[in-house]
Amino acid sequence: MNRKTFLKTSALASAGILSRPFITYANASKYRVALIGCGWWGTNILREAVASGVVEVVALCDVHEAQIDTCAKELNTWCTDKPKKFKDFRDCIKNAKPDLVINATPDHWHALIAIHALNNGCHVFLEKPIAHTLKEGTAIQKAARANNRICIVDFHRRYSPHNVSGMEFLKSGKVGRIQEVRAFVNYSGNGGKQKPSEPKPADMDWDMYCGPAKLIDYHSGIHPRAWRRQREFANGTLGDWAPHWFDQILWWTEEKAPKKIFSTSTKKIHDNIQTVPENQLVTYEFEDFICFWEHSINNTRPVQQGENVGAYFHGTEGTFHMGWHGGWTFYPHGKNATTIHEDPQLDLPDGQNIKLVWADFLNSIKTGELPHADIEHGRQATNMSLLGMLSNDLGRSIIWDHEKDMVTGDAEANKLLTRDYRGEWVYPS
């Protein structure tokens with residue numbers, strides 16, 4: 001999609017569905033959609049799909065029946081669709097025969113479900129990060145291209161009006177020459193105290209939830225909302241938040257990937273079941289600039305200007321902060337210089353702009369053009385997160401060759417670009 005088309009589509013979408021009336025035109029629907037992963041976030045995406053007015057919800061799939069039922073109850077307030085219910089994504093795709101699949105599962109399921117859907121002719125709306133290990137992302141992009149299907153990534157910050165205008169400001173040269181970028185998320189929260197394993201919910205298939213990952217004990221501290229802090233299923237804050245900001249950085253630069261990566265993290269101090277870093281620093285060396293990642297769940301940085309999330313672009317003319325709820329702000333050099341600011345335009349209830357991503361998804365399917373948040377962008381941003389975790393695991397820096405999709409001269413590191421799958425599941429190629 002070229003910039004003119006993107007801005008036009010975004011403007012139309014922004015002016016569109018501001019309220020969400022009860023939708024009654026399922027008979028005129030064009031696309032059959034299945035939601036796989038019916039939790040809070042998957043339900044948010046489905047809300048925007050229904051609001052677009054061109055889908056029929058034919059399936060809800062989740063390993064936990066309670067989540068399906070909660071989602072179905074919400075769906076009943078939006079439309080008259082009567083989707084079938086499934087626990088196994090393979091049965092869902094085989095029997096419901098969707099045209100579109102929303103994949104809002106935990107990260108360790110992203111690759112297998114996305115690839116299965118693409119191989120069965122579905123277009124895929126995929127949550128970020130696109131994968132749990134690096135070569136899974138490579139396999140997803142390969143499947144999307146081989147099947148000539150659209151695979152869009154839910155990088156709604158690529159579409160939010162203040163992110164679009166902020167990127168124009170950054171690329172205008174008004175910030176000057178930028179050689180240092182710092183991306184960060186600093187939220188407090190210790191994740192609760194350690195407790196013994198618990199009985200799993202009677203209506204949940206925990207073995208299927210773990211899937212290709214190691215079968216671990218069930219904890220309510222993992223499901224339904226805290227699985228991102230369990231390494232078997234995700235990569236913590238670096239895997240959760242960082243892809244959004246890395247995508248902004250990669251959108252700004254002409255470079256596709258860092259050359260050298262080094263990560264370090266603190267020892268865990270909280271008594272909980274989390275197995276990901278509480279505080280982590282990562283340095284990414286590009287050809288023309290250095291990027292730093294920082295996150296902490298122990299200190300919100302109260303002395304810091306603006307929000308405790310976002311990316312600082314430090315230029316010779318000042319510092320530009322690409323934020324979220326705070327919009328964007330440019331702090332120019334000089335005592336008497338005037339700060340420039342733009343407020344955000346975010347949709348309720350969650351302060352996101354999913355509707356714009358969904359509009360681009362539909363437009364790309366119609367035109368055959370790659371979306372603004374194509375799977376390739378998702379892979380590049382996710383790779384940065386995964387390479388940071390890889391360096392942290394190894395305890396040393398790594399040299400990355402983006403064109404060869406491998407670490408240079410490091411057999412131990414390259415082995416960790418994949419992982420062993422459990423049971424019947426086969427790592428994608």
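The values are calculated or read from the model by the stated rules, or taken from the named source; none is laboratory data. Since the model is a prediction, treat every value here as computed from it, not as a measurement. We place every Cβ from the backbone using ideal geometry, glycine too, and count neighbours over all the protein chains shown.
The table for this structure:
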| read-out | value |
| --- | --- |
| Unmet requirement for ALA66, which otherwise passes all of (1) at pLDDT below 95; (2) out of contact with any strand residue (DSSP E or B) (no Cβ under 7 Å at 6 or more places or on another chain) | (1) |
| Helices (runs of 4 or more DSSP H) within region 71-160 that include 1 or more residues at pLDDT 95 or above and either farther than 24 Å from LEU370 by Cα or hydroxyl-bearing (Ser, Thr, Tyr) (or both) | 89-96, 134-146 |
| From the options ALA72, ALA51, ALA66, residue that is surrounded by fewer than 23 Cβ atoms within 10 Å (Cβ to Cβ), within 23 Å of TYR218 (Cβ to Cβ) and assigned by TED's automatic domain parsing to the domain that holds ILE365 | ALA66 |
| Any chance GLN280 is under 19 Å from ASN392 (Cβ atoms) and either touching a Leu at 6+ places or on another chain (Cβ under 8 Å) or not assigned by TED's automatic domain parsing to the domain that holds ASP405 (or both) | yes |
| Subset of region 390-429 (residues that are farther than 16 Å from ALA139 by Cβ, β-branched (Val, Ile, Thr) and in contact with a Leu (Cβ under 8 Å, 6 or more places away or on another chain)) | ILE398, VAL407 |
| Where a residue in region 263-282 is touching a residue at least 12 places away in the same chain (Cβ under 8 Å) and within 22 Å of HIS219 (Cβ to Cβ) and its partner, wherever it lies, is surrounded by fewer than 17 Cβ atoms within 10 Å (Cβ to Cβ) and among the aliphatic types (A, V, I, L, M), with Cβ under 7 Å and at least six apart | GLU278/ILE269 |
| So PHE361, is it of a type in the set (Phe, Trp, Tyr) and outside the structural domain of LYS30 (by TED's automatic domain parsing) | no |
| Region 172-185, residues that are in contact (Cβ under 8 Å) with a residue 24 or more places away in the chain and either in a loop (DSSP other than H, G, I, E, B) or touching a helix residue (DSSP H, G or I) at 6+ places or on another chain (Cβ under 9 Å) (or both) | LYS174, VAL175, GLY176, ARG177, ILE178, VAL181, ALA183, PHE184, VAL185 |
| Unique residue being hydrophobic (A, V, I, L, M, F, W, C), within 29 Å of GLY306 (Cβ to Cβ) and not assigned by TED's automatic domain parsing to the domain that holds SER263 when the list is ILE152, ILE130, ILE178, ILE140 | ILE130 |
| Some residue of region 225-239 being surrounded by fewer than 17 Cβ atoms within 10 Å (Cβ to Cβ), assigned by TED's automatic domain parsing to the domain that holds GLU278 and in contact (Cβ under 8 Å) with a residue 60 or more places away in the chain | yes |
| Hits in region 209-256 - residues which are closer than 23 Å to THR418 by Cβ, assigned to a loop (DSSP other than H, G, I, E, B) and either polar (S, T, N, Q) or in contact with a helix residue (DSSP H, G or I) (Cβ under 8 Å, 6 or more places away or on another chain) (or both) | GLY211, PRO212, ALA213, LEU215, ILE216, GLN230, GLU232, PHE233, ALA234, ASN235, LYS256 |
| Residue in region 311-326 that is in contact (Cβ under 8 Å) with a residue 12 or more places away in the chain, in the same structural domain as GLU255 (by TED's automatic domain parsing), more than 30 Å from GLU287 (Cβ to Cβ) and touching a Leu at 6+ places or on another chain (Cβ under 8 Å) present | yes |
| Leading residue by the ranking (farthest from PHE169 (Cα to Cα)) among those in region 284-303 that are part of a strand (DSSP E or B) and in contact (Cβ under 8 Å) with a residue 40 or more places away in the chain | SER296 |
| Subset tally (residues that are within 20 Å of the chain's Cα centre (by Cα) and crowded, with 19+ Cβ neighbours inside 10 Å) for region 348-370 | 12 |
| Single unsatisfied condition, GLY211 versus (1) modelled with pLDDT under 95; (2) at positive phi; (3) crowded, with 17+ Cβ neighbours inside 10 Å | (1) |
